[in-house]
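These notes are about the structure you will find just below.
Read-outs throughout are calculated quantities, based only on the coordinates presented, and are distinct from any laboratory measurement. As the structure is a computational prediction, the values presented were derived from the model and not from experiment. Glycine also receives a Cβ, built like all others from the backbone with ideal geometry; neighbour counts cover every protein chain displayed.
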Amino acid sequence: MDRTFLLIGSAAGFLAVLLGAFGAHGLRGRLSPEMLAVFETGVRYNMYHALAILAVGLMMPTFGGWMPRAAGWAFTAGIALFSGSLYALALTGVTTLGMITPLGGVAFLVGWALLVITAL
């Protein structure tokens, strides 16, 4: 399972850098400043949680158990829901996509809470 999270975290980090470069170079001037900021928020949280997933992968051999594993999956779901909805919102302008974003935020919070409990 630790290799799975190392793979997911690495892929999510790659995606964050790729989308960050796309936003900085390909979207500037095409999106309003507000929508560009929305896109950049998605990239930022994508990268934060890519690093968190990598940390889960590295800690699995030491801690094991269901809580760090669940945290890794919560972070993965959070990236898909939170960052994914912000990317889609910025690129399409469909504001109803913003209703998905808080679900991703909750997934991030669940992941962090599980890591806190694991550490205790």
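Table: residues versus (1) assigned to a helix (DSSP H, G or I); (2) on the phi < 0 side of the Ramachandran plot; (3) surrounded by fewer than 16 Cβ atoms within 10 Å (Cβ to Cβ); (4) not aliphatic (A, V, I, L, M).
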| site | (1), (2), (3), (4) |
| --- | --- |
| ILE53 | yes, yes, no, no |
| THR62 | yes, yes, yes, yes |
| ALA77 | yes, yes, no, no |
| SER83 | yes, yes, no, yes |
| ALA90 | yes, yes, no, no |
| VAL116 | yes, yes, yes, no |
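Whenever a residue of the stretch 60-86 is within 16 Å of ALA50 (Cα to Cα), its partners that are surrounded by fewer than 19 Cβ atoms within 10 Å (Cβ to Cβ) and of a type in the set (Gly, Ala, Ser), lying with C-beta atoms within less than 6 angstrom and at least six residues away or across chains, give the pairs PHE82/GLY105. If you go through the stretch 7-23 and pick out every residue that is crowded, with 17+ Cβ neighbours inside 10 Å and farther than 15 Å from LEU86 by Cβ, you end up with 3.
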